[in-house]
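What follows is a single structure, written as structure tokens, with notes after it.
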DNA sequence: CGCTACCTTGACGGATGTCAAGGTGGGTGG
DNA sequence: CCACCCACCTTGACATCCGTCAAGGTAGCG
């Protein structure tokens, strides 16, 4: 396993105070993997997995009975993703860009972590965060219009991978319009129409297929159905400065 | 705190092998509460809470900006519910029937549980289960039609509180049509129309406002968009015999 | 027995899915 | 470096499902 990836894992998931022994044992059960864009991250089918994403971007998908796919979440470096054993649920993880991952069998991971309750608590805290994100997603899908979903999605992305750019925030979206639609419960056509509409109102601008610039964050937040907290920009700055992002287990957008 | 409620908590959440001391300390920080139907379960605002539902039924709701409410989950006895600190998220827990609950400050609970990693793992396991349920809910809300949502909801309820009744399953739903709609992202009218339609097709029958009987579970499962696993009945029998239900942290339907 | 909250039914309109027909970006190979 | 090609995106016309508004009906409780 490349030292660089595991070091990232150690920094982000294991607190600073973890014994070298625990770290050692975890590195022994972790399966490193390098995956090319559009390929599946191969996971052992012998139980639930905890996957650490060291580099790249992924989507977590469910295959529906009709062979279509629904995107549960997008993930970015530093995320810890819980993937249940692929029995019938048919959850799988696909690379949106070239990826480096470390996959741990969940049971072994947790057994080792029992020796170091702080690690267990870190995992629990991230899982609770994932649950909150998933709840938010459920609200979004249940109640919001297409435009609200799209703007909410863009703002969530801004929080996660946006970079300040003058008065705007610049996004380099690794996922296709289809992926966005599959994540928000919309068709690709509706996604496209909403992008066009936001572009016509100068709330966003786009360059090529993946670059999106968000202007007027406050107006976008209003469109997303938020309640006037125009601190997205501030949050991003704070986060990029400290180098800490909330991270998640499997419910990031 | 009534012995009966805490005993239930001990049986369901604490494994049999927990030290008397841990159990004792948990009972000291747990706030017992009896709540009447339609009232709010009052929680300390000083941090996240873990609420054990010993008796009754509850809904976990979010107040939307427009003062409407969205139901995140319904809960039943034995569930452990994670309720984040009510900052702006405005999540609250309402009793659908007379309830008995024990509320623990999450941080204190987890600190005590660190002495007994098996408890921490139980909580983590339940949280992961809640995450799975929430993911399922997200899929349901994102992709399914009104009829699929309703039938899926009824089958989920059958798994949780259904009792076998000849060839059917009988449900005594503690929540109103409005609550069901708020949970599935539908209006009360649409819920009502779908009930009527299912009734006309003899897939369900109703008595009064809260009794629902499900016939033809396999057909209902098809309507729900499931993939032909007609084992719902079997699962319920097995569960009611063993007295064990999966339980959840805050994402039950 | 009557009141009230809750449920049911109907008519209508609008947001979004579906179907269809181009247009465009970006990577590949010459 | 350019041209080509394919996947991806955009736009339009139309259909449909569900939300909205409105008007009763009914269960369950006092």
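Nothing in this text is a laboratory measurement; each read-out follows from the coordinates by a stated rule. On a predicted model such as this, the values are computed, not experimentally measured, just so you know. Using ideal geometry, Cβ is built from the backbone for each residue, glycine included, and neighbour counts are taken over all protein chains shown.
See the values below:
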item: Principal-axis tilt of helix A:117-143 within chain A, Cα atoms, nearest 10 degrees; result: 30 degrees
item: Per-selection Kirkwood Rh - the range B:1-115 (Cα, Å, 1 d.p.); result: 14.5 Å
item: Gain upon complete extension [residue A:21, residue A:178; 0.36 nm per residue less C-alpha separation]; result: 52.1 nm
item: Average beta carbon contacts from partner chains per residue of A:115-121, 10 Å cutoff; result: 4
item: Residue exposure sequence - A:51, B:18, B:191, A:163 - by fewest surrounding Cβ within 10 Å; result: A:163, B:18, B:191, A:51
item: Distance from the range B:49-63 to the range A:102-127 (C-alpha centre basis), Å; result: 27 Å
item: Relative packing of peptides A:192-203, B:143-154 - highest average C-beta neighbours within 10 Å first; result: B:143-154, A:192-203
item: Shielding score for B:69-76, defined as the mean number of other chain Cβ atoms within 10 Å; result: 2
item: By average C-beta atoms within 10 angstrom, highest first, the peptides A:5-13, B:131-139; result: B:131-139, A:5-13
item: Folded to 0 to 90 degrees: helix B:3-12 orientation relative to chain B principal axis, Cα; result: 70 degrees
item: Order of B:175, A:64, B:80 under a 10 Å beta carbon neighbour criterion, fewest first; result: A:64, B:175, B:80
item: Convex hull volume per residue for the protein assembly as shown, taking Cα atoms only, in Å³; result: 153 Å³
item: Two-site label geometry, residue A:87 and residue B:202: point separation in nm, points 7 Å out along Cα→Cβ; result: 3.4 nm
item: Nitroxide proxy distance, nm - points 7 Å out along Cα→Cβ at residue A:40 and residue B:37; result: 5.0 nm
item: Cα-derived Rg to Rh of the range A:113-173, Kirkwood definition; result: 1.16
item: Degrees separating the helix B:20-29 axis from the principal Cα axis of chain B, which is the longest one; result: 80 degrees
item: Relative contact order for chain A, counting Cα pairs under 8 Å that sit 6 or more residues apart, in percent; result: 22 percent
item: Helical mean residue ellipticity (222 nm; -39500 (n - 2.57) per DSSP H run of 4+; nearest 500) of chain A; result: -13500 deg cm²/dmol
item: Fraction of alpha-carbon pairs over 23 Å apart in chain A - percent; result: 52 percent
item: Cα pair distances exceeding 16 angstrom across the range A:63-120, given as percent; result: 58 percent
item: Dimensionless Rg/Rh of the range A:62-193 - Kirkwood Rh, Rg from C-alpha atoms; result: 0.99
item: Inter-chain shielding of B:122-132 (mean C-beta neighbours from other protein chains, 10 Å cut-off); result: 6
